[in-house]
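A short worksheet on the structure shown next.
What follows is calculated from the coordinates using simple rules that are stated; it is not laboratory data. This is a predicted model, so every value here is computed, not measured. Every residue, glycine as well, gets a Cβ built from its backbone with ideal geometry; the counts of neighbours run over all protein chains shown.
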Amino acid sequence: MNCYLWELEAILEGLALRELDKQEQNAIFGFNLRYILNAKKPQMNKILNKKKAEDKIRKAFTRNQKQMNKNHHRLEKAMQALEHFKNRR
């Protein structure tokens, strides 16, 4: 594979960052395992709140409803103005 020096540096930086992310995931797993083993009554919500995570993902991928409604309101006003001025000839 041929690549420029800056591309190779970017690839190596990405690999190093991926390793750091893996280490972070392993540390989180270790802390969660320690919590489960030592807690008298471990609760899943303290480890992973699935509903909160799903809502966060949905929020990231859905459009803002207020912004869409505002744009829809502007469109209605523009159409009313066009209709009003269309009959003025």
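Using just the C-alpha positions of the chain as equal point scatterers, what log10 of I(q)/I(0) does the Debye formula give at each q in 0.15 1/Å?
These q points yield log10 I(q)/I(0) values of -0.87.
Please name whichever of 8, 28, 43 sits farthest to the positive end of the charge dipole of the stretch 1-43, dipole taken about the Cα centre and charges placed at Cβ: Lys and Arg +1, Asp and Glu -1.
Looking along the dipole axis, the top candidate is 43.
Straight distance only, please: which lysines reach the Cα of residue 86 with their own Cα at less than 21 Å, same-chain residues fewer than 8 apart left out?
In chain and number order, the partners are 77.
Relative to the Cα centre, what is the charge dipole magnitude of the chain, using +1 at the beta carbon of each Lys and Arg, -1 at the beta carbon of each Asp and Glu, and rounding to the nearest 20 debye?
Details: 20 positive and 10 negative charges, 228 e Å.
In debye, rounded to 20, the chain gives about 1100.
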